[in-house]
Amino acid sequence: MDQQNFLRNKKNRLLAAAIAFVLTLIVTTTLATINGLNNHEKRVAEQAELVQSSMNSMLRDAHEAAHKASPLLGRPCDFNVEKALNMLPGQYKHIYSINFIRNQHISCSSLLANKNADIGFILPLDKALWMSRTVSSPDIYVISLITHLPQGTLYVASDLRFLYEMLGNDLIIEVSGKTLTAAGLVKDSLASAQFRRYEALPAHSPLYTLAWRKPEIGEIVGYTLDSWLSMGFILSTSTIMAALAWQLAIRRHSLHTQLAYAIRHHQIHPHYQPIICAKTNAVSGAEILARWHHDELGFVPPDVFIPVAESTGLIIDLTESLLKQVVDDLQQGIATFPPGFKLNLNISHAHVSDSSFDLFIDHWSPIFRALGITLVFEITERENIDICDALTQRIDHIKRSGIRIALDDFGTGFSNLAFISNLSPDSIKIDRMFTRQISQEAATPLIDCVIDMAKRMDILTTAEGVEYGYQADYLKANQIDCLQGYFFSKPLSFSDFAGYLNAAAIEQ
Ligand code: C2E
Ligand code: CA
Ligand code: CA
């Protein structure tokens, strides 16, 4: 059974760590992807700005050069005209050549090699702008601005090579049905299938269209993960989250396992805190409080392990174990209890609402009756209990079995008159928070009202946390029934409690 539990818990821990790892991986990858996509779009937009402004300034230069060359057009291509043409490209960054056209041939050019070349198959004169290889060198791509004037036609060719690098992998330019990509000139337009993933950017000029490639998510995830930094970041945060989940699971698991072990082996012991009758100063009862001394952890406070026991269902086994030990203690015969002696046991809501609770009452009430002890179940009002039919029946069952009910921690939780009348407790335990407010100087009307109200409802009152003589005196003067606190005694082991009882009996 232990082995099975261990394996199941190990499985759960592994599952928690794996879930934390996967969730963190998904979240960080998504964030990194969104971030990657944004960065990519920003970078491409900046690049597109640069390309557009270069294109525009190149076209402006071409227009200006054409304008400057136009007075030479129509003149015979003599030495002086050629020299003037030859000087012009030097004034502009990207202009490759300036050419005059007559009868589909270059009649005059800034490049001597171009003269007389047939442009019929490289330059359609019905277009304003055209991209092609040059007339003289097939390795060089140019963009030609064609200008028709009354005295003739001329075109200014600008070198496109500088644009290749600027385009990179994500941008392309379409001019008159041809497309320039980083890999070279393609004879197809943007509308062709090979460019279906490209989207045109807002136009800056009617002469060309710039388009950018929309990346696929997989591609972005790919290069996000490729980057060592993101990869390292994603993996390390995922691993940290998994380790944290593992640690949390281990801590919770280990406290739970240790608690289960301690309960099974009766290592959590009952301690007894005396409750004093205000009228007689006699010990009229005691509250049973769980004490756990762990070999390695040392003293584990009930405030730490009781909530774990309550949330895991171990509280039922713990209460059973405490009662077994209490009965063993009582049967030792080392203490004498006055008639009507009460033992108060803290009962959690999780236990009262469990189906085993009726059996629990039927089992223990006759045992304590036989021992001459009145059992009192302390039910805290810190949690909001839903008073349903099942609970009312349980409360009836408790009372029919001769067990009393005390409303614990009164004033700290959900106390309301409807609740008190439904639970109809035999006594209320006024929380130590109120006792602390009692001062030597001034009256404390709140505690007086609570005592007064309880008296009118015929309910006994016990003040918790009485630490000073003046608090006990004040409470006695205000008709409290019972007192409990360090002023009388802290919770004691059974042998110490037996000694306390015997000493108190001698004093009486
Ligand atoms: P509680 O039922 O209000 O128990 C009284 C708490 O006040 C005890 O703390 C006790 O040691 C402490 N106390 C008593 N006199 C004084 C005093 O004069 N001054 C101060 N400052 N404190 C005083 P403890 O033993 O640490 O228990 C804490 C809580 O754990 C209990 O509060 C109770 O709610 C829960 N608990 C303890 N044992 C059990 C148990 O066996 N079953 C259940 N269900 N709950 C338990
Ligand atoms: Ca209590
Ligand atoms: Ca209490």
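The values are calculated or read from the model by the stated rules, or taken from the named source; none is laboratory data. Note that this is a predicted model, so its numbers are computed, not measured. Here the Cβ positions follow ideal geometry from the backbone for every residue, glycine too, while neighbour counts run over all protein chains shown. All accessible areas refer to the heavy atoms of the entire protein, side chains included, with ligands and DNA or RNA removed. Shrake-Rupley method; radii C 1.70, N 1.55, O 1.52, S 1.80 Å.
Run the numbers on the chain and let me know its relative contact order in percent, using alpha-carbon pairs under 8 Å that are six or more apart.
11 percent
Roughly how many Å² of residue 239 are accessible to a 1.4 Å probe, to the nearest 10?
Spelled out: residue 239, probe radius 1.4 Å, area about 80 Å².
Could you state the number of Å between the C-alpha centres of segment 337-358 and segment 129-158?
Between the Cα centre of segment 129-158 and that of segment 337-358, the gap is 103 Å.
Which shape class, rounded, prolate or oblate, goes with segment 267-415 when its Cα gyration tensor gives a ≥ b ≥ c as root eigenvalues, a/c under 1.5 marks rounded, and past that a/b bigger than b/c marks prolate?
Taking the square roots of the gyration eigenvalues as a ≥ b ≥ c, segment 267-415 is rounded.
What is segment 264-418's relative contact order, in percent, from Cα pairs under 8 angstrom and six or more apart in sequence?
Relative contact order for segment 264-418 comes out at 19 percent.
Take the alpha carbon gyration tensor of the chain, find the square roots of its eigenvalues, order them as a ≥ b ≥ c, and report rounded if a/c is under 1.5; if not, report prolate when a/b exceeds b/c, else oblate.
Judged from the Cα gyration tensor, the chain comes out prolate (a/c at least 1.5, a/b above b/c).
Counting only protein chains, not ligands or nucleic acids, how are 342, 429, 455 ordered by accessible area (probe 1.4 Å), most first?
Solvent-accessible surface, decreasing: 455, 342, 429.
Using θ = phi - 60° and the Karplus form 6.51 cos²θ - 1.76 cosθ + 1.60, what ³J(HN,Hα) does each residue of segment 372-385 get, whole Hz, x for Gly and Pro?
Karplus-based 3J(HN,Hα) across segment 372-385 equals x, 10, 8, 7, 10, 8, 8, 10, 6, 9, 5, 9, 7, 9 Hz.
Using modelled backbone amide H atoms (1.01 Å from N, in-plane), which distant-in-sequence or interchain residues come within less than 5 Å of residue 129's amide H?
Amide H neighbours of residue 129: 146.
Report, in deg cm²/dmol and to the nearest 500, the calculated mean residue ellipticity at 222 nm for the chain, where each DSSP H run with n ≥ 4 adds -39500 (n - 2.57) and the sum is divided by the residue count.
-15500 deg cm²/dmol
Out of all DSSP beta bridges in the chain, what portion is antiparallel? Express it as a percent rounded to 5.
70 percent
With a 10 Å radius around each residue's Cβ, average the other Cβ atoms per peptide and rank 474-485, 70-81, highest first.
Answer by packing, highest mean first, reads 474-485, 70-81.
Could you pull out every residue, at least 5 positions away or on a different chain, whose amide H is within less than 5 Å of the one on residue 201? Hs are placed 1.01 Å off N in the peptide plane, and Pro or chain starts have none.
Those qualifying (amide H under 5 Å, at least 5 residues apart or on another chain) are 210, 211, 212.
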